[in-house]
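A short write-up of the structure that comes next.
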Amino acid sequence: MAKIYAPNFTQIPNVIFDYWMNILTGEQFKVLLFIARKTFGWHKDMDRISIKQIEKATGISNRSVTRSLSILNEHGLIEKYESTSEFGDRNPNSYRIKVNEGGSVCETQRYVCETEPPASKTEGGSVCETPPILKEKNTKERIDIYSALEKHGKHVELSKEDLAKLNKKFGEERVAFMIEKINDYIDSKGIEPYEDYAATIRNWFRNESKYGGAISTQPGYSELNKRHAERVLQAFPVNHPHKPVLGNDYIEFCFGMKSEVLKFSDNGFPERLDSILKKMNIVIERGG
């Protein structure tokens, strides 16, 4: 059992305990405190934090962590920043506690208006003259929306409303195939689950439509990518230091001690391949 020693402390704004502790659920409060620990505790403005880190530290499920982050963001308590690696892969998001600087006592301690007992008010009025902060009326409704998400396979979660919209726009068969593909992609890459699967599915369809109908939900997608990879290999000078290696179902680039492997069946294969080539100032036209 870990013991408490002084002076190992993390400074936490009082308003988090005096106001928000009564508003947030236990899960949301734990996530907020963990972000505070990773930022305030290390004297940082923000820190890159993965969903798995939060899961491990708080003992909360992946789904609950994602939901809590979304609600904390809606309350304006945290800010999220997304980033990608030099090869276009998604990095864990960075988070920071949103701190309002330069406000008056009234602005920074508005919670007093709601929690202050009547007897403590002076004859001249309350400590804070501004209207009290009221708990969002639709907070419960938003939580209900999140809890209404249904699992489709191992990872993908969609509300009935989102699924109906997707089926209407893209067709039930194509959406079902795409859901299966996203589940397989997350498993094969070992990446963090997406935060909004409805938006992810729309984005995958949108990205794939850029390549003349050669989308991964249709036969021939892998074959088209393989042909393009073969042309890339042929275009490289024999002694080029980063000449790729072509496998049965992948192309691999080596950059010193680091390698980048792209599978022909991967969603977004053409984009990721072009991104790597662009960094080496190589342009190769895609063909059929």
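Below, the figures for the structure above:
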{"read-out": "Length released on extending from R231 to E195, taking residue separation times 0.36 nm less the Cα-Cα span", "value": "9.3 nm"}
{"read-out": "Radius ratio Rg over Rh of segment 149-208, counting only Cα atoms, Kirkwood formula for Rh", "value": "0.93"}
{"read-out": "F9-N203 FRET efficiency (beta carbon distance; Förster radius 41 Å; 0.05 resolution)", "value": "0.45"}
{"read-out": "Additional length obtainable on full extension of the chain from E271 to D187, 0.36 nm per residue less Cα span", "value": "28.2 nm"}
{"read-out": "Estimated FRET transfer efficiency when R0 is 51 angstrom, pair M21-V245 (beta carbons, to 0.05)", "value": "0.35"}
{"read-out": "Net lengthening on full extension, K279/S50 (0.36 nm per residue, minus Cα-Cα)", "value": "79.7 nm"}
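We did not get these values from a lab; they are worked out from the coordinates using the rules stated. Only a predicted model underlies this, so the values are computations on that prediction, with no experimental measurement involved. Don't worry about glycine lacking a Cβ; one is built from the backbone with ideal geometry, like all the others, and counts go over all protein chains shown.
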